[in-house]
């Protein structure tokens with residue numbers, strides 16, 4: 001985060017908390033309870049900025065977000081992780097889609113170095129998703145259950161012989 | 001505390017064996033989603049625990065993701081190292097770094 005933006009964000013966090021925060025290191029001086037209270041009071045959209053500012057403070061920042069194992073902080077800590085989880089992770093419906101359709105665009109497969117870096121990802125997919133993707137984009141298959149490697153080899157042969 | 005990765009572990013050894021751990025290291029080529037998926041698949045963590053590890057590795061640069069015998073830790077670590085690139089990031093070209101350490 002650029003210095004000017006960090007300073008403005010910290011000034012806002014300071015107003016929310018009722019104390020002066022000028023540099024990211026000032027977050028280190030907050031108790032776990034104060035830091036979690038700050039996280040609880042700011043809108044969801046500011047949580048990534050807060051986490052970004054905590055980077056560079058070492059393990060102390062994460063320990064404070066965990067509540068430093070104090071029972072009184074547990075509720076605040078759990079609420080922080082629930083909100084941050086909902087904010088930064090993909091919605092569940094994306095996981096229910098065919099990951100190959102989302103993350104492996106067929107045009108990118110012409111770059112064999114890129115494609116080879118996706119082999120492990122490809123091999124982890126369910127064969128029905130592989131068959132759907134290969135059929136739609138490369139007119140290959142269908143392949144039987146547990147034939148992910150065979151399907152990968154067929155794709156590789158198609159692209160390297162083209 | 002050190003055990004060679006190639007050192008055989010007998011049943012007696014395993015009862016007395018020092019515990020080992022798998023440590024995951026941060027980089028800028030993997031998303032939170034990838035880390036959560038990786039840890040659920042490779043280390044049998046719940047999504048909630050995996051997410052906390054993802055935040056820890058992001059903030060602290062490293063996180064311990066598994067404790068166990070040397071053999072089990074090496075198996076889990078190999079799975080992490082073989083998990084491949086993060087498909088969500090075009091610039092991601094390899095797995096995250098991880099290693100087995102004596103506890």
**Request:** Just name the residue that is nearest to the other protein chains (Cβ to nearest Cβ) out of those in the range A:63-73 that are in a helix (DSSP H, G or I) and surrounded by 13 or more Cβ atoms within 10 Å (Cβ to Cβ).
**Result:** A:65
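Do we have residue A:30 as crowded, with 16+ Cβ neighbours inside 10 Å and in a loop (DSSP other than H, G, I, E, B) here?
Values: crowded, with 16+ Cβ neighbours inside 10 Å: yes; in a loop (DSSP other than H, G, I, E, B): yes.
In short, yes.
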**Request:** Specify the residue that is surrounded by the most Cβ atoms within 10 Å (Cβ to Cβ); the eligible residues are those in the range A:138-162 that are outside any helix (DSSP H, G or I) and at negative phi.
**Result:** A:143
**Item:** Tally, over the range B:76-96, of residues that are in a loop (DSSP other than H, G, I, E, B) and closer than 17 Å to residue B:20 by Cα
**Value:** 0
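A quick yes/no check of all residues on (1) touching a residue at least 12 places away in the same chain (Cβ under 8 Å); (2) touching a strand residue (DSSP E or B) at 6+ places or on another chain (Cβ under 8 Å); (3) within 14 Å of chain B (Cβ to nearest Cβ):
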position: A:76; (1), (2), (3): yes, no, no
position: A:88; (1), (2), (3): yes, no, yes
position: A:105; (1), (2), (3): no, no, yes
position: A:116; (1), (2), (3): no, no, yes
position: A:126; (1), (2), (3): no, no, yes
position: A:133; (1), (2), (3): yes, no, yes
position: A:144; (1), (2), (3): yes, no, no
position: A:149; (1), (2), (3): yes, no, yes
position: A:161; (1), (2), (3): no, no, no
**Fill in**
When the range B:82-93 is checked residue by residue, the ones that are more than 7 Å from chain A (Cβ to nearest Cβ), touching a helix residue (DSSP H, G or I) at 6+ places or on another chain (Cβ under 9 Å) and farther than 15 Å from residue B:41 by Cβ are B:89, B:90, B:92
**Fill in**
Given the conditions (1) within 30 Å of residue A:117 (Cα to Cα); (2) buried (at least 17 other Cβ atoms within 10 Å of the Cβ), every one holds for residue A:57 apart from (1)
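Residues checked against (1) outside any helix (DSSP H, G or I); (2) closer than 30 Å to residue A:41 by Cβ:
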residue	(1), (2)
A:61	no, yes
A:75	no, yes
A:82	no, yes
A:116	no, no
A:122	no, no
A:125	yes, no
A:136	no, no
**Selected residue (only one of B:24, B:45 is at pLDDT 95 or above, assigned to a strand (DSSP E or B) and more than 12 Å from chain A (Cβ to nearest Cβ))** = B:24
**Those residues of the range A:16-27 which are more than 13 Å from residue A:53 (Cα to Cα) and either touching a residue at least 40 places away in the same chain (Cβ under 8 Å) or surrounded by 11 or more Cβ atoms within 10 Å (Cβ to Cβ) (or both), in sequence order** = A:16, A:17, A:19
**Request:** Check residue A:100 against each of (1) in a helix (DSSP H, G or I); (2) surrounded by fewer than 16 Cβ atoms within 10 Å (Cβ to Cβ); (3) within 14 Å of chain B (Cβ to nearest Cβ) and name the one condition it does not meet.
**Result:** (2)
**Fill in**
residue B:59 meets each of (1) in contact with a helix residue (DSSP H, G or I) (Cβ under 7 Å, 6 or more places away or on another chain); (2) buried (at least 16 other Cβ atoms within 10 Å of the Cβ); (3) assigned to a helix (DSSP H, G or I); (4) more than 10 Å from chain A (Cβ to nearest Cβ) with one exception, condition (4)
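The values are calculated or read from the model by the stated rules, or taken from the named source; none is laboratory data. Quick caveat, the model's predicted, so the values are computed rather than measured. Reconstructed Cβ throughout: ideal geometry from the backbone, glycine too, with neighbour counts over all protein chains shown.
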